[in-house]
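No lab work stands behind these numbers, since they all come straight from the coordinates. Here the structure is a predicted model, which means the values were calculated and not measured. Neighbour counts are summed over all protein chains in view; Cβ atoms, including those assigned to glycine, are modelled from backbone coordinates with ideal geometry.
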Amino acid sequence: MAALTARRGPVASTSTKSSAPLHVENHFQPHYPYRLNFYDTPPQFDVTLEQFESWGLDRLRILAEIESSFVRNRAFEELKGIVNTQQKKYLTLNSNTAINADKDAERKKDHVSHFVLRLAFCRSEDLRRRFIKAEMALFKVRWETDDPKEREEFLKARAFGWGDVSDAEKAELEPHLKACLNPKQLQYFPQEKYYKVPWSRVPDLVHGRRVYLRAGAAYVPSREQSSIVFQQFQADLEEAMEMTARALPRMDEDRLTPILDHLSKGFLAGVASEYSAPESGESVTADMIDGLAKKHFPLCMRALHEHLRKESHLRHQGRLQYGLFLKIVGLSIEEALAFWRKAFSGKMSDEKFTKEHLYNIKHNYGLVGKMANYPARSCQTILTTYPPGANEFHGCPYRHYSEDNLKTALQSMMGISSHDMQDVLSSVRTQHYHVACTRVYELTHGIRKGEGLGGGETVNHPNEYCQRSRELEKSKNAAAADDAMKID
Amino acid sequence: MAANDVAMATEQQADPKSPEVMSAFYSRLYPFKSLYTWLSHTPVPISTKDAGVPKSSTNWTHREFAFTLQNDAYLRYNSFQEVDDLKKQIMRLIPSRFEIGAVYNARPKDKKTLPASALQPLRRELVFDIDMTDYDAIRTCCTGGAICRRCWAFISAAVSVLDTTLRRDFGYQLLLWVYSGRRGIHCWVSDESAMVLTDDQRRAIMGWLEVVKGGKDMVKKVNVRVAGGLPPSLQSSLDILNENHFMPIVLEDQDCFGSRQGWETLLELLPDREVVSNLRKKWEDEDEDDYSSKEQSISERRWNDLRREVKAVAKGSTRRAALMAAMEDIVLQYTYPRIDAEVTKHRNHLLKAPFCIHPSTGRVCVPVDPKMVKDFVPEDVPTVGQLLGELDALGTKTEDPSTLNWEHTSLKPYVDMMDEHNRRILQAERERKQAENRKDMSW
Ligand SMILES: [Zn+2]
């Protein structure tokens, strides 16, 4: 994949410091002395196309959870917990003290994936803003969980342009500096080291009047250093993203474009996952679907089901979306044929069904045609591809329905009260459809707000929604059974 | 007819809403060249046809102008290649006023041909807007759109505090204060470091400056203390207000605690039940005539009553500290600048250009010297009618009246003030360029 670097290099080179990309073999392992990274220099080594995509996707999963935490107004501590869990799954970063870890490999993945997503998200103002906000949060979480000693070394290694405040100046300004401290902080004043930075580097501290200002210089105690670092991280990233955006049209790497498209769409949908593993392996029969739909299906599938029952018909995209979903729910090919044959029987002869639909259903199951085992559509696919036309009922109701229709659907199918409706609709209005869907899951399952599918996770696949709902029911039944035993 | 009479006659007829009047104003009086230098940070090109004359900077060509037409239509996203192009468009549209926006990453007039949201504001003067309507709850002389010499004193206090703070804390030097034509004042900061501030940073400045907060229902509008004390910057502002403004404005002239409603509000701002009940008893029984016959204003006496009560509380006690703090907060609440935060926070916010005519008063939005703001009298600001009258009067004595312009009218000292400010901008620009060159050389 040497050609990839050669061509991508200049594009990813958002820093003025970067020189021509270095040509190194694929097994080259760069060395990263620190866990934290300011991403000043783009990767100067080869990565495979597969790494390019899968690493980007892994980082995206974390950023998507961060963004959905913002939307749900999670406290920073809560966000920190979620990010740490997600990082362990997708993007581990061990500190230097960890012995049995390939730290350089972890950090290389972190480095590369950051630059992959820069490319994917530099393309619109909105994406840039959201990406920077999420990356900022990720950096803050890592900063706070970093080993203080390693953090200090990391800071020393990078020139921030902070001016030292001499002891004489500190003494001269003592009353002013002290007036910015609360009583708890006052006792540390004698040891406190102060830095002088242009005030615009520490807008947060200025906004809260937490520093002393003189002629444009902010006098920042070392305790507030993190504030300067975060601001610098954000300012640098903003600038770099704009430069990348300007450079991007020159990119002629057509192998990357679809990957980047895919990644940025994934962020818009709030997710980036394919849910293709069949559920628990237990089989579901055609006559169980009505019951399952009422209790466990997300609104998109519930709506398709209701329409199918009412009209004895679904158009092509609706059949695909619903059919693949049912396959993953556990409907075998035999049961699927039985289900669809019966569902269409109200308006269609058996003969016509066999002629027109049998092949397609088998195709969904990979039994004919390309023989591919098609995965069910993820929220991302549903949200961003095949928008429904007139008389079509597939897609994501949160995104594709009018507000009136959505309200009616939520009331009649999901039993959402008018009291809770606003909560759901406000997420819809800000285009956070996955958050709206997650909220409905919480409301219909009697789950505390913010818990999501469990541990704060957001809905990103209809089958995941359904599976979690069924698991929840099972554990409740088990608990009830336990209780029943205890009575005697 | 004597020249003076002509002037009088024209003044009386001059309706700032009439297109003829405004057309004459823009063509004969508006100082377009000064506006150009002020916004572009470059001198006006002698002639654009001359070889070697640099093109207008993007500070000018990518700058948004918005026009309010006589029929109140509002046209945004205009931009111009040269200063003459702006003048031509203004002569064509005869707007009742026009506003200045940000410098964008592309020409604002191309907005329609650019991809959605491609047009982004990059640079903009840091601006502040102080409007008398925000003082309606405390001024006793006028309400609404009205303003007089007396309530101007609030603006004057605001200007001296804000001007000092922006220079002292933020180090800005290129501040232009402009009367808004009716009841307020604007401040435009042209320092390079101010031009490049992001919206976040502008918001941070507002956080630093904003002291009086909360709507009508909130009695105590000042809550800025850290562990009981005032941050250093606000302490300095308080000193200015205590020394020069609170007593003459609030106590003497406006007599803010004279009416029952006035002193009830004062009592509500005091955190001490005992002091409040003592004062209430005293003030309720008082015969107001008794008070006003004396040399002191009623408010001044009541403020002194309050001081006496506070002095009676044990020195060093927390009660006394709380009362002292409350008195300081009252000074801030009544005299600290009340800034319209939204105007400052966003780079793409538009603000009326200097030297426009206020459509209802006919007065010119003239620059104001912050050192002399105390003596500024809104009623003395020339109106469009007066200025055109002056020109007409001179015209009868001059061979070629078309050579007459603002230099021959009472607008001159104000344009001179802006030109002086522009000289400082150009000087700063030269120094900045030199410093940049030095930096380049050192590479
Ligand atoms: Zn007044």
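Taking 0.36 nm per residue of separation and subtracting the Cα-Cα distance, what length does fully extending B:ASP369 through B:GLU284 add? Please list the in-between numbers first.
On the way: separation 85, 0.36 × 85 = 30.60 nm, distance 4.41 nm.
Fully extending the segment from B:ASP369 to B:GLU284 adds 26.2 nm.
Expressed in nm to one decimal, what extension gain is obtained for the pair A:GLU239 and A:LYS178 from 0.36 nm per residue of sequence separation less their Cα-Cα distance? List each step's numbers first, then the result.
Values: separation 61, 0.36 × 61 = 21.96 nm, distance 3.50 nm.
Extending this stretch completely gives an extra 18.5 nm.
For the stretch A:163-224, what does the alpha-carbon gyration tensor say about shape, rounded, prolate or oblate, given a ≥ b ≥ c as the root eigenvalues, a/c under 1.5 as rounded, and a/b over b/c as prolate?
Numbers: a/c = 1.69, a/b = 1.20, b/c = 1.41.
Oblate, since a/c reaches 1.5 and b/c is not below a/b.
Taking 0.36 nm per intervening residue step and subtracting the Cα-Cα distance, what contour gain separates B:LEU394 from B:LEU114 on full extension? Present the calculation step by step, with values, prior to reporting the outcome.
Details: separation 280, 0.36 × 280 = 100.80 nm, distance 4.95 nm.
Additional length available on full extension: 95.9 nm.
Could you calculate the FRET efficiency of B:ASP136 with A:LYS362 from 1/(1 + (r/R0)^6), where r is the beta carbon distance between them and R0 is 56 Å, rounded to 0.05? All intermediate terms of the calculation are to be shown ahead of the outcome.
Working: r = 77 Å, r/R0 = 1.37.
For B:ASP136 and A:LYS362, the calculated efficiency is 0.15.
Note on the stretch A:49-106: dipole from Cβ charges, positive end direction compared against A:ILE99, A:ILE62, A:ALA75; the farthest Cα belongs to A:ALA75. Taken residue by residue and averaged, Cβ atoms of other chains lying within 10 Å of the Cβ of A:191-201 number 2.
For the pair A:GLU150 and A:SER418, label points projected 7 Å from Cα toward Cβ lie 5.6 nm apart. For A:GLY216, the residues whose amide H sits under 5 Å from its own are B:PHE170, B:GLY171, ignoring neighbours fewer than 5 places away on the same chain, with H placed 1.01 Å from N.
Assuming a ≥ b ≥ c are the square roots of the Cα gyration tensor eigenvalues, decide whether the stretch A:122-163 counts as rounded (a/c under 1.5), prolate (otherwise, with a/b larger than b/c) or oblate.
Working: a/c = 3.96, a/b = 1.81, b/c = 2.18.
It is oblate, given that a/c is not under 1.5 and a/b is not larger than b/c.
Label separation (A:GLU471 vs A:GLN411): 3.5 nm, computed from points 7 Å beyond Cα along the C-beta direction. Here is how the number arises for the protein assembly as shown: DSSP H runs of 4 or more residues each give -39500 (n - 2.57), the sum is divided by the residue count, and the result at 222 nm is -16500 deg cm²/dmol. Under 19 Å from a label point set 7 Å out along the Cα-to-Cβ vector of A:TYR386, the amide N atoms of the stretch A:310-329 belong to A:311-329.
Classify the protein assembly as shown as rounded, prolate or oblate from the Cα gyration tensor: take a ≥ b ≥ c as the square roots of its eigenvalues, call it rounded if a/c is under 1.5, otherwise prolate when a/b beats b/c and oblate if not.
Values: a/c = 1.83, a/b = 1.64, b/c = 1.11.
Prolate.
Summary of the geometry: the stretch B:234-249 and the stretch B:154-223, compared by the centres of their Cα atoms, lie 16 Å apart.
Taking the fewest neighbouring Cβ atoms within 10 Å as the starting point, the ordered list for B:CYS148, B:CYS187 is B:CYS148, B:CYS187.
Among A:HIS419, A:HIS176, what is the fewest-to-most ranking by other Cβ atoms within 10 Å? Working shown, then result.
Values: A:HIS419 8, A:HIS176 17.
Listed from fewest to most nearby Cβ atoms, that is A:HIS419, A:HIS176.
Taking each residue of A:203-214 in turn, how many C-beta atoms of other protein chains fall within 10 Å of its C-beta, and what is the average? Please list the in-between numbers first.
On the way: counts 10, 3, 3, 10, 9, 5, 10, 2, 2, 4, 9, 6.
Mean shielding count: 6.
Looking at this model, which pairs from A:LYS140/B:LYS345; A:LYS88/A:LYS294; A:LYS196/B:LYS345; A:LYS140/B:LYS220 are more than 30 angstrom apart at the alpha-carbon?
Values: A:LYS140/B:LYS345 26 Å; A:LYS88/A:LYS294 35 Å; A:LYS196/B:LYS345 25 Å; A:LYS140/B:LYS220 36 Å.
Those over the limit are A:LYS88/A:LYS294; A:LYS140/B:LYS220.
Computing FRET efficiency as 1/(1 + (r/R0)^6) for A:ARG246 and A:SER222, where r is the C-beta to C-beta distance and R0 is 51 Å, gives about 0.90.
Tell me, B:TYR77, A:TYR212 in order of fewest to most beta-carbon neighbours within 10 Å?
Numbers: B:TYR77 16, A:TYR212 24.
Placing the least packed residue first, the sequence is B:TYR77, A:TYR212.
Once both labels are positioned 7 Å from their Cα atoms along Cα-to-Cβ, the gap between B:THR164 and A:HIS445 label points is 6.2 nm. Of the residues B:TRP188, B:TRP60, B:TRP283, the one that moves most in a GNM of chain B with alpha-carbon contacts below 10 Å is B:TRP283. The lysines within cross-link reach of B:LYS433, meaning a Cα-to-Cα straight distance under 20 Å and a gap of 8 or more places when in the same chain, are B:LYS55. What FRET efficiency comes out for the pair B:GLU431/B:LYS33, r = Cβ-Cβ distance, R0 = 30 Å, nearest 0.05? For B:GLU431 and B:LYS33, the calculated efficiency is 0.85.
A Gaussian network model of chain B, with springs between Cα atoms under 10 Å, assigns the largest mean-square fluctuation among B:LYS88, B:LYS109, B:LYS282 to B:LYS282.
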